[in-house]
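K.L.:
Have a look at the structure that comes next, please.
The values are calculated or read from the model by the stated rules, or taken from the named source; none is laboratory data. Given the structure is predicted, the values throughout are model-derived calculations rather than measurements. Backbone-built Cβ (ideal geometry, glycine too); neighbour counts: all protein chains shown. To get the accessible areas, we keep the full protein, side chains included, count just its heavy atoms, and leave off ligands, DNA and RNA. Shrake-Rupley method; radii C 1.70, N 1.55, O 1.52, S 1.80 Å.
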Amino acid sequence: MNWTVIQQALPVFAKGFELTLWLSLIGIVGSIIVGVLASLIQYFKIPVLSQITTAYVELGRNTPLLIQLFFLYYAFPVIGLKMSAEVCGIVGLIFLGGAYMAEGFTGGFNGVTESQISSGKALGMTNMQLARYVVFPQGFALSMPALTANIIFLIKETSIFSVIAIPELTNTALDLIGMYYRSNEYLFMLVVAYAIILIPIILLLTWLERRVRYGAFGD
Amino acid sequence: MSEEILKVENLNKYYGDWQVLHDINFDLKKGEVLTLLGPSGSGKSTLLRTLNGLEDYKDGAIYFHGKKIDPNPKTWQALRQKIGMVFQSYDLFPNLTVMENILLAPVKVQHRNEADVKKEAQELLARVEMQDYAKAYPRELSGGQKQRVAIVRALAMNPEIMLFDEITASLDPEMVRGVQEIVENLSQRDHMTMIIVTHQMNFAEKIADQVLFLENGKILENTPGKEFFEKPKTKRAQEFLESMDF
Amino acid sequence: MAHSGINILFAGNNFGRLMAGLWNSIWIAAVSLVIGLIVGTIFGVLRTSNSKILRLILRLYLEFFRIVPTVVLLYLVYYILPELFHINWSASWMAVLAFAMWVAAEFSDIVRGALQSVPESQREAGLALGLSKVQLFRYVLIPQAFKLELPAMINLATRVIKTTSLLLIISVMEVINVGQQIIEANNQQYPTGVFWVYGFIFILYFVLDYPLSAWAKSITNKQK
């Protein structure tokens, strides 16, 4: 391991690091928005829309991001829809992440116990009131572990962007390896870079998960 | 002869092919305490849940103040404000404080003035000796305390009937008395009309004006409380009472 | 011309080649899963052991795989194995190694969680019958844990199948790699071929994964 090599590569890595952070952030926020909308549509069983949403969620969850990206990046231009690699990456990530998030939130809503729902009904609540005061607050708390897992998963999935030449972390490392044949150093830096991003996020989310759970259920 | 509040006529209920309630008939008068007794799985809780629209029924009818209930979700939602229910598992909303739990239905469902309800809630809490816990979360309370709050939460809607579904079954023995006293007090002082499902025979004997004895989803007896415990009509009820050994 | 694009799938022996590529993805997934689940079960049991050092090592092992993306993992194996250990396996077997280690890590945590949710009274009842530690796990704890972990295990399998799509980056001849070659070779004749080939592969993955994830969901719903 040559430390000069590592030192010299730092500025280039910093750029990839920044791009990975940005793409992850946009992807995560977009996925949460799509996921919340999709899970609400499914919860209220809005006709037609809810069937379409179910199909989307199953397609998004059961196909790999890589083929989703290839489709967006290589196949869409053939039917006249050309997007930059970055846009493809974000659209693909949100398509995938939205499906995962929707599944997570729906799981949370379904996890609210039958007895809590009976109890709300026994107080004369309408379906809307039941959703607003009982199912959603508890359901979102219940879906926190899935949310955490999905956020970490989506950050790691940005590494797949390297295959469509988006210069994020993994792509940066591969470029450097291709140019200077220093795989040990650059791969080491790559792993450390992901650790720097993910360890604080994992710790933060685990803490948050406990807080939310305690706030909602007291255990 | 006092006024009849609730009447059940030829009620049948099925889970798939399996009939859980057979031809249920009874009525409930204002101020009366009706106790549902019977072995586990006899359909007591199902019957009680049906009376609050939490279970649907295949045929038969339920009358409230002589008016036949149209069994659709809307009707039940409105009616539940007049028929309060307390469950075995308390089921306070864990994300809300004691006071928020109590205020939720009167303010959001019944659209009553929050300040008025709050005053009433404080009085009710004081009555069950929980006045110091208004700001507490359910997680900070013992089982007995949670159940007292759950009773107050149902009472805060000013219901005409209260349904109690094995409300002391998950409590530690030392908590049971306190909760039972609240229910007894509700009957004696407020003449609340109640239907109670319980396995506590001492409690049933003390409080029941009338006993419905169920087995396998059928009413085997509909007997005044005192008479049921002294001299039950059916052999099955006699065996049941002996087996309970209280 | 555009509507004839779908014929690219059936021109020459394209269809057979795609299926051969798919088979490569499937056996790599299957072998990795078998090895990974066995090793993961052992690691999971060891993570409930009393040895603090052992628990720590296995925890660090798990956290490593939690942090490193699978793409990076594949490159690590691909570059480091030959260079540092002078092991020259085919790309497919390197992929099996990477996937099996990853599955073992993830599954060890699933097994640990399931074992810990078997009630303490079950362990005591087993010990009271005079079972040895190994017998306790073999006959009492692991069978009960298995029921709890089955949905997570199936979901892990769907993830491994999806992740085989990454194998093209270390030049395994899997279905997407074959697809790329077909698209390039037929670009003149079928300008819209790319749409059909990638679309077809998209559907192939869905057909493989959807039944598994639907199965996992139905088990979870039944357990509720």
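To keep it simple, each residue is scored yes or no on (1) away from every other protein chain (no Cβ under 12 Å); (2) in contact with a strand residue (DSSP E or B) (Cβ under 9 Å, 6 or more places away or on another chain); (3) touching a residue at least 12 places away in the same chain (Cβ under 8 Å).
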residue: A:Thr53; (1), (2), (3): yes, no, yes
residue: A:Pro77; (1), (2), (3): no, no, no
residue: A:Leu81; (1), (2), (3): no, no, no
residue: A:Val87; (1), (2), (3): yes, no, no
residue: A:Ile94; (1), (2), (3): yes, no, yes
residue: A:Gly97; (1), (2), (3): yes, no, yes
residue: A:Tyr100; (1), (2), (3): no, no, yes
residue: A:Gly104; (1), (2), (3): yes, no, yes
residue: A:Gly108; (1), (2), (3): yes, no, yes
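K.L.:
Moving to a separate point now. Do you know which residues across region A:172-196 are surrounded by fewer than 19 Cβ atoms within 10 Å (Cβ to Cβ) and either acidic (Asp, Glu) or closer than 30 Å to A:Gly108 by Cβ (or both)?
P.N.:
Once the filter is applied, which keeps residues that are surrounded by fewer than 19 Cβ atoms within 10 Å (Cβ to Cβ) and either acidic (Asp, Glu) or closer than 30 Å to A:Gly108 by Cβ (or both), region A:172-196 yields A:Asp175, A:Ala195.
K.L.:
Pull up region B:90-144, narrow it to residues that are under 16 Å from A:Phe217 (Cβ atoms) and assigned to a helix (DSSP H, G or I), then point me to the one that is nearest to the other protein chains (Cβ to nearest Cβ).
P.N.:
Ranking the qualifying residues of region B:90-144, first place goes to B:Arg139.
K.L.:
Any idea which of (1) in contact with a helix residue (DSSP H, G or I) (Cβ under 8 Å, 6 or more places away or on another chain); (2) within 14 Å of B:Ser40 (Cα to Cα) is the one B:Phe240 doesn't satisfy?
P.N.:
B:Phe240 satisfies all of (1) in contact with a helix residue (DSSP H, G or I) (Cβ under 8 Å, 6 or more places away or on another chain); (2) within 14 Å of B:Ser40 (Cα to Cα) except (1).
K.L.:
Go through (1) under 20 Å from C:Phe202 (Cβ atoms); (2) not in a loop (DSSP other than H, G, I, E, B) and name the single condition A:Met83 misses.
P.N.:
A:Met83 satisfies every listed condition except (2).
K.L.:
Quick check on region C:69-82: of everything there that is more than 7 Å from chain A (Cβ to nearest Cβ) and not β-branched (Val, Ile, Thr), which residue is most open to solvent (accessible area, probe 1.4 Å)?
P.N.:
It comes out as C:Tyr78.
K.L.:
Need the failing condition index for C:Gly126 against (1) of a type outside the set (Val, Ile, Thr); (2) within 17 Å of the chain's Cα centre (by Cα); (3) surrounded by 18 or more Cβ atoms within 10 Å (Cβ to Cβ), just the number.
P.N.:
All conditions are met except number (2).
K.L.:
Hey, among the residues in region A:118-128 that are open to solvent by 30 Å² or more (accessible area, probe 1.4 Å) and under 22 Å from B:Leu163 (Cα atoms), which one's farthest from the other protein chains (Cβ to nearest Cβ)?
P.N.:
A:Asn127
K.L.:
If you scan region C:4-29, which residues turn out to be among the aliphatic types (A, V, I, L, M) and assigned to a helix (DSSP H, G or I)?
P.N.:
Of everything in region C:4-29, those that are among the aliphatic types (A, V, I, L, M) and assigned to a helix (DSSP H, G or I) turn out to be C:Ile6, C:Ile8, C:Leu9, C:Leu18, C:Met19, C:Ala20, C:Leu22, C:Ile26, C:Ile28, C:Ala29.
K.L.:
How about region A:197-213: which of its residues are within 8 Å of another protein chain (Cβ to nearest Cβ) and open to solvent by 60 Å² or more (accessible area, probe 1.4 Å)?
P.N.:
Answer for region A:197-213, where residues must be within 8 Å of another protein chain (Cβ to nearest Cβ) and open to solvent by 60 Å² or more (accessible area, probe 1.4 Å): just A:Ile199.
K.L.:
Tell me whether region A:86-107 contains one or more residues that are outside any helix (DSSP H, G or I) and hydroxyl-bearing (Ser, Thr, Tyr).
P.N.:
no
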